[in-house]
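The values are calculated or read from the model by the stated rules, or taken from the named source; none is laboratory data. As the structure is a computational prediction, the values presented were derived from the model and not from experiment. Methodologically, a virtual Cβ is constructed for each residue, glycine included, from the backbone with ideal geometry; neighbour enumeration extends over all protein chains shown. With ligands, DNA and RNA removed, areas are computed over all heavy atoms of the protein, side chains included. Shrake-Rupley method; radii C 1.70, N 1.55, O 1.52, S 1.80 Å.
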Amino acid sequence: MGKYFIEQSPNGMELFYEPYYGEQLRLQDIKRVDNSQIEGIAPMEVMEREGNQVVRYLIGKRRPLEALKQNGMSEEEMLNMLIHITEIILQIEALGMDGSNVLLDKKCIFVDEKTKEFFMLFHSSDYMEGLPGIEGFVKSFLESVQINYNQYNVTKYIEQYLEENNQVNVIDLKEYMVNMKNQLFEQKYYSGQQSLSCRLGDKSIQVEELLEIAAPKLATTKMMEEETIVHKAYLVRCTSGEQIIITKSMFTLGSDENKADYAVKGNGAISRLHAMIINREGSYFIKDLDSTNHTFVNRMLVKGATEMDLLSGCSVILGNEAFVFYHEQETKKEDLLF
């Protein structure tokens with residue numbers, strides 16, 4: 001790789017990448033990522049500087065991730081940041097590029113210390129060497145960030161996950177962290193009374209604590225709350241950022257506005273009925289509808305009548321059109337009179 005250097009401007013900090021002699025920037029990749037405006041990727045442009053072609057990143061007043069060593073952050077903020085980083089990598093891959101082109105390095109991630117908003121750098125050239133993968137980065141991240149209060153030992157559980165998995169998959173790592181977040185930081189209520197939250201590895205919960213959770217008192221007429229899980233699944237079209245809600249148990253995608261539930265316009269590589277997303281009790285699958293240019297999930301071909309699992313954050317490509325699939329669950333309460 002070439003060299004990075006920082007300069008101050010009236011708009012804040014600007015970071016430049018200058019390639020080594022003979023190193024070629026992949027201009028098309030840089031343009032596609034910048035046009036997609038992926039949240040968490042620093043805005044960038046290719047420009048001429050002193051006769052050389054360089055990439056300029058707009059960093060503003062953010063500081064390198066290492067600065068968080070001083071002021072620290074909460075466990076939930078740290079977990080949210082790591083989840084967001086995996087989502088950025090998956091969005092890059094959904095555009096058909098290598099997620100390792102996101103520079104996973106503490107010196108190349110810039111953070112607003114007040115809002116914890118961060119920017120990462122996308123690097124695309126013929127020369128990529130010596131950069132850590134997601135596993136190496138997360139380990140380094142956990143070592144560098146100062147946690148203000150270790151209530152749940154989130155760091156310990158992520159480190160344990162990395163040790164138990166030899167080859168860390170970005171999707172699996174994201175799912176693991178999302179599940180941890182839901183268990184630790186999402187609280188559920190029943191009849192207006194708070195239940196004990198599930199605390200991973202916390203052996204301090206006593207039986208007496210469980211017994212102290214009072215049951216709702218019965219009466220001739222009473223109000224209770226019934227919890228139901230509502231599933232929201234949607235695709236994000238990478239070229240436009242459009243969100244496509246999956247509204248049916250069998251949801252079709254294609255170019256035919258009269259037949260497809262969602263018509264992919266402006267792309268001749270999409271068949272009239274290209275693919276179908278299937279919802280079975282909150283689990284989602286996709287199958288190809290004998291399309292001309294095929295369907296891919298995380299770059300894997302969906303063959304014939306085979307149905308392939310869709311996990312939140314995975315990439316879906318119809319022909320050459322890239323999407324990211326998301327699946328969210330929400331607990332809703334309904335008042336029931338008895």
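Take the residues of the range 277-304 that are under 26 Å from Asp98 (Cα atoms) and aliphatic (A, V, I, L, M): which is most open to solvent (accessible area, probe 1.4 Å)?
Of everything passing the filter in the range 277-304, Met300 is most open to solvent (accessible area, probe 1.4 Å).
Does any residue of the range 57-66 turn out to be more than 27 Å from Ser36 (Cα to Cα), open to solvent by 10 Å² or more (accessible area, probe 1.4 Å) and modelled with pLDDT under 80? Break it down into steps so the answer makes sense when it comes.
Step one: filter the range 57-66 for residues more than 27 Å from Ser36 (Cα to Cα), giving 66.
When the remaining residues are screened for being open to solvent by 10 Å² or more (accessible area, probe 1.4 Å), the result is 66.
Checking which are modelled with pLDDT under 80 leaves us with 66.
The answer is yes; a qualifying residue exists.
The helices (runs of 4 or more DSSP H) located wholly in the range 1-113 that include 2 or more residues which are hydrophobic (A, V, I, L, M, F, W, C) occupy 27-36, 75-94. Every test in (1) at positive phi; (2) without any contact (Cβ under 8 Å) to a residue 40 or more places away in the chain is passed by Arg299 save one, and that test is (2).
In this structure, does Leu273 turn out to be under 29 Å from Ile38 (Cα atoms), assigned to a strand (DSSP E or B) and at pLDDT 55 or above? So Leu273 fails the test.
Residue selection: Glu307 fails the criterion of being free of Cβ contacts under 8 Å to residues at least 24 places away in the same chain, among the acidic types (Asp, Glu) and either open to solvent by 30 Å² or more (accessible area, probe 1.4 Å) or closer than 27 Å to Arg32 by Cα (or both). Within this structure, Pro19 passes the test of being farther than 17 Å from Ser240 by Cα and surrounded by 11 or more Cβ atoms within 10 Å (Cβ to Cβ).
Report, by residue number, each residue of the range 218-236 that is open to solvent by less than 80 Å² (accessible area, probe 1.4 Å), in a strand (DSSP E or B) and either at pLDDT below 90 or farther than 14 Å from Ile270 by Cβ (or both).
Met224, Glu225, Glu227, Thr228, Val230, His231, Ala233, Tyr234, Val236
Filtering the range 238-266 to residues that are exposed (fewer than 14 other Cβ atoms within 10 Å of the Cβ) and part of a loop (DSSP other than H, G, I, E, B) leaves Ser240, Gly241, Glu242, Thr247, Lys248, Ser249, Glu257, Asn258, Lys259, Lys265, Gly266.
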